[in-house]
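Quick notes on the structure that follows.
Quick note: the coordinates plus some simple rules give every number you see, no bench work behind them. Since the model is a prediction, treat every value here as computed from it, not as a measurement. As a convention, Cβ positions derive from the backbone with ideal geometry for all residues, glycine included, and neighbour counts pool all protein chains shown.
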Amino acid sequence: MRAMLSVAEARDRILAAVRPVGREWVTLPDALDRVLDCDLVARHDQPSTAVSAMDGFAVRAADTDPPGLWLTIIGEARAGGPPPPELRPGTAVRIYTGAPLPEGADAVAILENAEILGERVRFSRPSRPREFVRPRGLDFEKGARLLRAGMVMDPRRVALAAALGHAWIPVRRRPRVAILATGDELLWPGEAVVPGRVASSNTVGLAALVRRLGGEALDLGIAPDSVEGLTAALDRLDAIDLLVTSGGASVGAYDLVRSALAPVGLELDFWTVAMRPGKPLIFGRFRDVPLLGVPGNPVSALVCGVSFLRAAILAMLGLPTELPLEELPVARDLPANDHRFDHLRARFVERSGQRWLEPAERQDSSMLATLAAADALILRPPLAPPVPAGTSVPFVPLSAALRLPEHACAACPPH
């Protein structure tokens, strides 16, 4: 019997075959969830001049000590308003939060401590120099390198890019992933189901995963179980970074991906991986494009998506490809594992104020509802010994695995 590839080796081969995508420029409104492709530096100080941190009066601190001395109000300063008058000894300027500090002022006396009488003001306590003043460059100084290549642009970072003075930013281009379903049994989602046929859920699920991870998904539709139908569907390929097929990867008479594509450009790297679910996994190159063929069973397809497709997309974006891993105690006994790397669907449960992992009773690879309800994939290495209830086991939290990580990997430099 031909030896199956380990999950780790299969993943390494896939990562070795994909290449980083190039750069494009986007406006800030289009930058959300994009991967920054070079460092961004501040184009100015922020704030650009000393400003007030509170509503009150700009003063010379020395003029407020001792308290109770009357000062003459000579004008006001507001954010975006005209330049305020210069402060002279014995005077004060009404100032609002964010307004530039007048020349000659060194403190802000807050409104709560002020007594105003006509055009005069006095204060119940003395001010200290620099009190309630935001100095120039408090947030950042010109030239500060605050956004690094490989960062995923979340709302905080988009806002910071704007504050730094950037309207357009360079990001990694979205990887273009073409997805093709195969099988005469498949129906378009929403079509009336007839005996022996099922809705094509794999392609929409995989496409959603691609988009969630920062890629662009191209749906090639459904190819029938024939060499002609399969090759005709793939003739529509154009400028893609990765091809994903769903179904047709096993050993049945109508599993045609390998046999149909070999004569027209498929260079097979490996077929079958020692994992459950997802054993009949294909990887190779088709017309110089990496091809990942996932099984047709819906749970197998999506678990392979989490294990392999996710890594490929993140590698193209220069992001960390490792799956997030945590540990929790398991709520029931787990039997010894066989020679395949198992991915058990499980939910979080609370017991006596502690979180546990409750594996699903049935782990059939056709049960998509079980996967949709799962919070985690418990990882069981090949030949793992039995695990009694209460033992901590490693798992992949699906909420974390199904979103972009935040930072680039050190081995993936920007362009």
* To do: Return the calculated 222 nm mean residue ellipticity for the chain, to the nearest 500 deg cm²/dmol, obtained by summing -39500 (n - 2.57) across DSSP H runs with n ≥ 4 and dividing by the residue count.
  => -4500 deg cm²/dmol
* To do: Take the Cα of residue 8, step 7 Å along the line toward its Cβ, and report every residue of the range 299-317 whose backbone nitrogen sits under 19 Å from that point.
  => 307-309, 311-312
* Asked: Once phi is turned into ³J(HN,Hα) by the Karplus curve 6.51 cos²θ - 1.76 cosθ + 1.60 with θ = phi - 60°, what whole-Hz value does each residue of the range 122-128 show in order, with x for glycine and proline?
  -> 9, 10, 7, 8, x, 8, 9
* Which of 316, 153, 4 has the fewest Cβ neighbours within 10 Å, and the rest in rising order -> 4, 153, 316
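Where the only charges are on Cβ atoms (+1 Lys, Arg; -1 Asp, Glu), what is the dipole of the range 326-401 about its Cα centre, to the nearest 20 debye?
On the way: 8 positive and 10 negative charges, 8 e Å.
The calculation lands at about 40 debye.
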* the range 322-342-the range 184-229 distance, computed between alpha-carbon centres (Å) -> 30 Å
* At a Förster distance of 22 Å, what's the computed FRET efficiency of residue 168 paired with residue 138, Cβ-Cβ distance as r, to 0.05? -> 0.25
* **Two-site label geometry, residue 204 and residue 373: point separation in nm, points 7 Å out along Cα→Cβ** => 2.1 nm
* If you rank 151, 54 by fewest surrounding Cβ atoms within 10 Å, what's the result? -> 54, 151
* Structure fact -> FRET efficiency for residue 103 and residue 38 from the Cβ-Cβ distance with R0 = 56 Å, rounded to 0.05, comes out at 0.90
* Could you give the nm distance between label points at residue 384 and residue 62, where each point is 7 Å from its Cα heading toward the beta carbon? -> 7.4 nm
* Asked: Counting Lys and Arg as +1 and Asp and Glu as -1, each charge on the Cβ, what is the dipole of the range 199-238 about the Cα centre in debye, to the nearest 20?
  -> 280 debye
* Taking a ≥ b ≥ c as the square roots of the eigenvalues of the Cα gyration tensor of the range 326-401, is the shape rounded (a/c under 1.5), prolate (a/b larger than b/c) or oblate? -> oblate
* Segment residue 115-residue 238, extension gain: residue separation times 0.36 nm, minus the distance between their alpha carbons -> 36.9 nm
* Local electrostatic count, residue 142, Cβ distance below 15 Å [Lys/Arg +1, Asp/Glu -1] -> -1
* Points 7 angstrom from Cα along the Cβ direction at residue 259 and residue 188: gap in nanometres? -> 3.0 nm
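Which of 119, 361 has the fewest other C-beta atoms within 10 Å, and how do the rest follow up to the most?
Final ranking by Cβ density, sparse to dense: 361, 119.
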